[in-house]
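For reference, the structure is listed below as C-alpha coordinates.
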Amino acid sequence: MVETPRGVVAIELPEGRGTLRVVEDGEELARAATEAFVAATTAAVAARGRAIVALSGGTTPKRMGELLTTEPFVSQVPWTQTHLFWGDERWVPISHDDSNAGTARRGFLDRLPVPPANVHPVPTVMRTPAEAANAYEAEIRRLTGVSTGVPVFDLILLGMGDDGHTASLFPRTDALAEHDRLVVANYVPKLAADRITFTYPLLNAARQVVVLIGGAGKADMLDAVLTGSDDAETLPIQGVRPTTGDLVWLVDRAAARRLRRIAA
Ligand code: 6PG
(Lines give C-alpha, C1' and ligand atoms only; values in the text may rest on other atoms or scores of the structure.)
Protein backbone atom coordinates (compact mmCIF):
# COMPACT_ATOMS: atom_id res chain seq x y z
CA MET A 1 0.00 0.00 0.00
CA VAL A 2 1.42 3.36 -1.00
CA GLU A 3 0.56 6.75 0.46
CA THR A 4 0.77 9.41 -2.26
CA PRO A 5 0.31 13.20 -2.12
CA ARG A 6 -3.03 14.27 -0.60
CA GLY A 7 -3.23 10.96 1.25
CA VAL A 8 -4.29 8.98 -1.78
CA VAL A 9 -3.86 5.25 -1.30
CA ALA A 10 -2.42 3.29 -4.24
CA ILE A 11 -2.39 -0.52 -4.10
CA GLU A 12 -1.16 -3.06 -6.64
CA LEU A 13 -3.97 -5.60 -6.95
CA PRO A 14 -3.25 -9.32 -7.00
CA GLU A 15 -3.51 -11.51 -10.12
CA GLY A 16 -2.74 -8.65 -12.51
CA ARG A 17 -6.01 -6.87 -11.78
CA GLY A 18 -4.31 -3.47 -11.98
CA THR A 19 -3.76 -0.65 -9.51
CA LEU A 20 -6.36 0.55 -7.03
CA ARG A 21 -6.26 4.24 -6.11
CA VAL A 22 -8.61 5.34 -3.36
CA VAL A 23 -9.41 9.04 -3.05
CA GLU A 24 -11.50 10.81 -0.44
CA ASP A 25 -14.72 11.72 -2.23
CA GLY A 26 -16.44 12.53 -5.51
CA GLU A 27 -14.64 15.81 -5.98
CA GLU A 28 -11.23 14.20 -5.43
CA LEU A 29 -12.29 11.44 -7.84
CA ALA A 30 -13.06 14.00 -10.53
CA ARG A 31 -9.83 15.87 -9.85
CA ALA A 32 -7.73 12.69 -10.03
CA ALA A 33 -9.47 11.72 -13.28
CA THR A 34 -8.82 15.17 -14.71
CA GLU A 35 -5.15 14.92 -13.75
CA ALA A 36 -4.98 11.49 -15.43
CA PHE A 37 -6.55 12.97 -18.58
CA VAL A 38 -3.99 15.81 -18.64
CA ALA A 39 -1.08 13.42 -18.01
CA ALA A 40 -2.16 10.93 -20.68
CA THR A 41 -2.82 13.50 -23.39
CA THR A 42 0.37 15.50 -22.78
CA ALA A 43 2.49 12.32 -22.72
CA ALA A 44 0.86 10.98 -25.91
CA VAL A 45 1.34 14.23 -27.82
CA ALA A 46 4.95 14.52 -26.63
CA ALA A 47 5.67 10.94 -27.74
CA ARG A 48 3.54 10.59 -30.88
CA GLY A 49 2.20 14.01 -31.77
CA ARG A 50 -1.39 13.02 -31.01
CA ALA A 51 -3.60 11.76 -28.17
CA ILE A 52 -6.51 9.41 -28.76
CA VAL A 53 -8.93 9.18 -25.84
CA ALA A 54 -12.25 7.44 -25.25
CA LEU A 55 -14.65 8.97 -22.76
CA SER A 56 -17.14 6.89 -20.81
CA GLY A 57 -20.82 7.56 -20.59
CA GLY A 58 -22.93 7.66 -17.46
CA THR A 59 -22.91 10.34 -14.80
CA THR A 60 -19.50 9.84 -13.14
CA PRO A 61 -17.39 11.68 -15.75
CA LYS A 62 -19.56 14.82 -15.60
CA ARG A 63 -17.55 16.57 -12.89
CA MET A 64 -14.28 15.62 -14.58
CA GLY A 65 -15.55 17.28 -17.74
CA GLU A 66 -16.43 20.42 -15.84
CA LEU A 67 -12.98 20.54 -14.22
CA LEU A 68 -11.38 20.17 -17.65
CA THR A 69 -12.95 23.51 -18.62
CA THR A 70 -11.18 25.27 -15.71
CA GLU A 71 -7.61 26.40 -15.08
CA PRO A 72 -5.03 25.01 -14.79
CA PHE A 73 -6.36 21.96 -16.66
CA VAL A 74 -7.88 23.63 -19.73
CA SER A 75 -4.52 25.24 -20.57
CA GLN A 76 -2.53 22.05 -19.95
CA VAL A 77 -4.32 19.77 -22.42
CA PRO A 78 -3.00 19.83 -26.04
CA TRP A 79 -6.55 20.10 -27.41
CA THR A 80 -5.63 20.61 -31.07
CA GLN A 81 -3.82 17.24 -31.05
CA THR A 82 -6.33 15.41 -28.88
CA HIS A 83 -9.11 13.26 -30.37
CA LEU A 84 -12.14 12.23 -28.36
CA PHE A 85 -14.24 9.11 -28.88
CA TRP A 86 -16.81 7.34 -26.66
CA GLY A 87 -16.37 3.81 -25.37
CA ASP A 88 -20.08 3.27 -25.80
CA GLU A 89 -23.27 5.01 -26.85
CA ARG A 90 -26.97 4.60 -26.52
CA TRP A 91 -28.98 4.13 -29.72
CA VAL A 92 -30.49 7.63 -29.59
CA PRO A 93 -29.88 10.89 -31.48
CA ILE A 94 -27.13 13.11 -30.07
CA SER A 95 -29.84 15.61 -29.13
CA HIS A 96 -31.42 13.04 -26.79
CA ASP A 97 -30.89 13.43 -23.03
CA ASP A 98 -29.59 9.84 -22.89
CA SER A 99 -26.85 10.42 -25.47
CA ASN A 100 -23.39 10.09 -23.95
CA ALA A 101 -21.85 12.35 -26.60
CA GLY A 102 -24.76 14.77 -26.37
CA THR A 103 -24.50 14.91 -22.58
CA ALA A 104 -20.75 15.55 -22.82
CA ARG A 105 -21.24 18.27 -25.42
CA ARG A 106 -23.90 20.04 -23.41
CA GLY A 107 -22.06 19.46 -20.11
CA PHE A 108 -18.53 20.56 -20.97
CA LEU A 109 -17.28 19.81 -24.49
CA ASP A 110 -18.85 22.93 -26.01
CA ARG A 111 -16.83 24.98 -23.48
CA LEU A 112 -13.50 23.38 -24.42
CA PRO A 113 -11.09 24.61 -27.17
CA VAL A 114 -11.12 21.19 -28.84
CA PRO A 115 -11.55 21.43 -32.63
CA PRO A 116 -14.95 20.00 -33.67
CA ALA A 117 -13.16 17.70 -36.13
CA ASN A 118 -11.41 16.10 -33.13
CA VAL A 119 -14.69 15.07 -31.50
CA HIS A 120 -15.93 11.73 -32.81
CA PRO A 121 -19.41 10.81 -31.60
CA VAL A 122 -20.94 7.49 -32.58
CA PRO A 123 -23.00 8.14 -35.76
CA THR A 124 -26.38 7.20 -34.29
CA VAL A 125 -28.05 8.81 -37.30
CA MET A 126 -27.41 5.70 -39.39
CA ARG A 127 -30.14 3.22 -40.32
CA THR A 128 -29.21 0.48 -37.86
CA PRO A 129 -27.03 0.04 -34.78
CA ALA A 130 -24.85 -2.42 -36.72
CA GLU A 131 -24.23 0.12 -39.46
CA ALA A 132 -23.31 2.72 -36.83
CA ALA A 133 -20.90 0.30 -35.15
CA ASN A 134 -19.25 -0.53 -38.48
CA ALA A 135 -18.93 3.16 -39.33
CA TYR A 136 -17.45 3.93 -35.90
CA GLU A 137 -14.91 1.15 -36.23
CA ALA A 138 -13.98 2.51 -39.68
CA GLU A 139 -13.59 6.01 -38.19
CA ILE A 140 -11.26 4.68 -35.48
CA ARG A 141 -9.21 2.80 -38.07
CA ARG A 142 -9.11 5.84 -40.36
CA LEU A 143 -7.94 8.21 -37.66
CA THR A 144 -5.37 5.86 -36.18
CA GLY A 145 -4.16 4.61 -39.56
CA VAL A 146 -4.51 1.04 -38.28
CA SER A 147 -6.38 -0.81 -41.02
CA THR A 148 -5.73 -4.28 -39.65
CA GLY A 149 -4.94 -5.36 -36.10
CA VAL A 150 -6.08 -3.34 -33.08
CA PRO A 151 -5.60 0.43 -32.72
CA VAL A 152 -4.10 1.62 -29.45
CA PHE A 153 -5.94 4.30 -27.50
CA ASP A 154 -3.76 6.39 -25.23
CA LEU A 155 -6.48 6.55 -22.59
CA ILE A 156 -9.83 4.85 -22.22
CA LEU A 157 -12.05 6.08 -19.39
CA LEU A 158 -14.64 3.62 -18.15
CA GLY A 159 -17.35 3.50 -15.52
CA MET A 160 -18.87 0.48 -13.82
CA GLY A 161 -22.54 -0.21 -13.43
CA ASP A 162 -23.85 -1.75 -10.21
CA ASP A 163 -24.34 -4.96 -12.20
CA GLY A 164 -20.66 -5.09 -13.15
CA HIS A 165 -21.11 -3.86 -16.72
CA THR A 166 -18.69 -1.44 -18.33
CA ALA A 167 -19.05 0.53 -21.54
CA SER A 168 -22.09 -1.31 -22.92
CA LEU A 169 -20.70 -4.75 -22.17
CA PHE A 170 -23.58 -6.00 -20.06
CA PRO A 171 -23.80 -9.39 -18.31
CA ARG A 172 -24.66 -12.31 -20.59
CA THR A 173 -24.91 -10.20 -23.77
CA ASP A 174 -23.52 -11.08 -27.19
CA ALA A 175 -20.83 -8.41 -27.30
CA LEU A 176 -18.88 -10.21 -24.56
CA ALA A 177 -18.01 -12.96 -27.03
CA GLU A 178 -16.70 -10.60 -29.71
CA HIS A 179 -12.97 -11.06 -30.14
CA ASP A 180 -12.39 -9.68 -33.65
CA ARG A 181 -14.43 -6.52 -34.15
CA LEU A 182 -13.43 -3.29 -32.40
CA VAL A 183 -16.94 -1.88 -32.07
CA VAL A 184 -20.26 -3.72 -32.18
CA ALA A 185 -23.95 -3.15 -31.71
CA ASN A 186 -25.16 -4.89 -28.56
CA TYR A 187 -28.81 -5.49 -27.70
CA VAL A 188 -29.29 -5.32 -23.91
CA PRO A 189 -32.42 -7.32 -22.87
CA LYS A 190 -32.57 -5.88 -19.34
CA LEU A 191 -32.81 -2.40 -20.85
CA ALA A 192 -34.75 -3.52 -23.93
CA ALA A 193 -32.35 -1.23 -25.78
CA ASP A 194 -29.68 -1.30 -28.45
CA ARG A 195 -26.24 -0.02 -27.55
CA ILE A 196 -22.99 0.56 -29.46
CA THR A 197 -19.87 -0.50 -27.59
CA PHE A 198 -16.12 -0.97 -27.75
CA THR A 199 -15.24 -4.64 -27.48
CA TYR A 200 -12.67 -6.28 -25.24
CA PRO A 201 -10.01 -6.37 -28.01
CA LEU A 202 -10.12 -2.58 -28.36
CA LEU A 203 -10.38 -1.90 -24.63
CA ASN A 204 -7.53 -4.26 -23.80
CA ALA A 205 -5.18 -2.78 -26.42
CA ALA A 206 -5.19 0.62 -24.67
CA ARG A 207 -2.06 2.13 -23.18
CA GLN A 208 -4.07 3.06 -20.13
CA VAL A 209 -7.56 2.25 -18.89
CA VAL A 210 -8.88 4.28 -15.98
CA VAL A 211 -12.08 3.05 -14.34
CA LEU A 212 -13.89 5.78 -12.38
CA ILE A 213 -16.11 4.48 -9.59
CA GLY A 214 -17.76 6.61 -6.94
CA GLY A 215 -20.38 6.24 -4.26
CA ALA A 216 -21.50 3.68 -1.71
CA GLY A 217 -23.90 2.14 -4.21
CA LYS A 218 -20.97 0.59 -6.09
CA ALA A 219 -19.19 -0.79 -2.98
CA ASP A 220 -20.59 -4.33 -3.04
CA MET A 221 -20.03 -4.76 -6.76
CA LEU A 222 -16.50 -3.34 -6.60
CA ASP A 223 -15.64 -5.82 -3.85
CA ALA A 224 -17.05 -8.70 -5.93
CA VAL A 225 -15.17 -7.54 -9.03
CA LEU A 226 -11.79 -7.03 -7.34
CA THR A 227 -11.78 -9.80 -4.75
CA GLY A 228 -14.17 -12.41 -6.13
CA SER A 229 -13.53 -15.14 -8.70
CA ASP A 230 -13.17 -14.21 -12.34
CA ASP A 231 -16.38 -14.49 -14.34
CA ALA A 232 -16.58 -11.86 -17.08
CA GLU A 233 -19.86 -13.36 -18.34
CA THR A 234 -21.62 -12.15 -15.20
CA LEU A 235 -19.18 -9.37 -14.24
CA PRO A 236 -18.09 -8.00 -17.63
CA ILE A 237 -15.74 -5.38 -16.23
CA GLN A 238 -13.52 -8.27 -15.10
CA GLY A 239 -12.80 -8.86 -18.80
CA VAL A 240 -10.99 -5.51 -18.97
CA ARG A 241 -7.36 -6.67 -18.72
CA PRO A 242 -5.07 -4.46 -20.85
CA THR A 243 -2.57 -6.69 -22.64
CA THR A 244 0.39 -4.39 -22.07
CA GLY A 245 -1.24 -1.18 -20.85
CA ASP A 246 -2.05 0.02 -17.34
CA LEU A 247 -5.37 -0.56 -15.59
CA VAL A 248 -6.16 1.93 -12.82
CA TRP A 249 -9.23 1.62 -10.59
CA LEU A 250 -9.85 5.17 -9.42
CA VAL A 251 -12.42 4.99 -6.65
CA ASP A 252 -13.63 7.10 -3.76
CA ARG A 253 -13.70 5.90 -0.16
CA ALA A 254 -17.45 5.28 -0.25
CA ALA A 255 -17.08 2.87 -3.18
CA ALA A 256 -14.04 1.24 -1.53
CA ARG A 257 -15.66 0.71 1.86
CA ARG A 258 -16.15 -3.04 1.36
CA LEU A 259 -12.56 -3.61 0.25
CA ARG A 260 -11.38 -4.65 3.71
CA ARG A 261 -9.27 -7.41 2.24
CA ILE A 262 -7.40 -4.98 0.05
CA ALA A 263 -7.59 -1.40 1.26
CA ALA A 264 -7.32 -2.11 4.98
C1 6PG B 1 -23.28 4.20 -20.13
C2 6PG B 1 -21.89 4.02 -19.62
C3 6PG B 1 -21.86 2.97 -18.58
C4 6PG B 1 -21.50 3.70 -17.32
C5 6PG B 1 -21.81 2.88 -16.11
C6 6PG B 1 -21.59 3.71 -14.84
O7 6PG B 1 -23.46 4.46 -21.32
O8 6PG B 1 -24.18 4.14 -19.28
O9 6PG B 1 -20.91 3.98 -20.48
O10 6PG B 1 -20.98 1.93 -18.81
O11 6PG B 1 -20.12 4.04 -17.35
O12 6PG B 1 -23.17 2.48 -16.18
O13 6PG B 1 -22.47 4.79 -14.92
P14 6PG B 1 -22.46 5.93 -13.77
O15 6PG B 1 -21.15 6.63 -13.90
O16 6PG B 1 -23.64 6.80 -14.10
O17 6PG B 1 -22.60 5.20 -12.45
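Working note: Karplus 6.51/-1.76/1.60 with θ = phi - 60° gives segment 140-151 the couplings 5, 5, 5, 5, 7, x, 9, 7, 10, x, 10, x Hz, where Gly and Pro are set to x. In segment 64-214, what percent of the accessible surface is made up of carbon and sulfur (1.4 Å probe, ligands and nucleic acids excluded)? Here carbon and sulfur together make up 53 percent of the probe-accessible area. Sorted on the mean count of surrounding Cβ atoms within 10 Å across their residues, most packed first, peptides 139-151, 71-83, 192-204 read 192-204, 71-83, 139-151.
Okay, helix-only estimate at 222 nm for the chain: each DSSP H run of n ≥ 4 adds -39500 (n - 2.57), divide by all residues, round to 500 deg cm²/dmol; what do you get? Present the calculation step by step, with values, prior to reporting the outcome.
Numbers: 7 runs with 72 residues, N = 264.
Mean residue ellipticity, 222 nm, calculated: -8000 deg cm²/dmol.
For segment 6-96, the Stokes-Einstein estimate of translational diffusion at 25 °C and a viscosity of 0.890 mPa s comes to 165 µm²/s, using the Kirkwood hydrodynamic radius over alpha-carbon pairs. When a/c reaches 1.5 or more, the comparison of a/b and b/c decides; with that in mind, is segment 107-264 rounded, prolate or oblate per its Cα gyration tensor? Prolate is the answer for segment 107-264, as a/c is 1.5 or above and a/b outweighs b/c. Residues in the chain average 42 Å² of solvent-accessible surface per residue, probe 1.4 Å, ligands and nucleic acids excluded.
The values are calculated or read from the model by the stated rules, or taken from the named source; none is laboratory data. Because the structure is predicted, anything quoted here is derived from the model rather than measured. In this analysis, Cβ positions are derived from the backbone assuming ideal geometry, glycine residues included, and neighbour counts consider all displayed protein chains. Quick note on the areas: whole protein, heavy atoms, side chains included, nothing else; ligands and nucleic acids left out. Shrake-Rupley method; radii C 1.70, N 1.55, O 1.52, S 1.80 Å.
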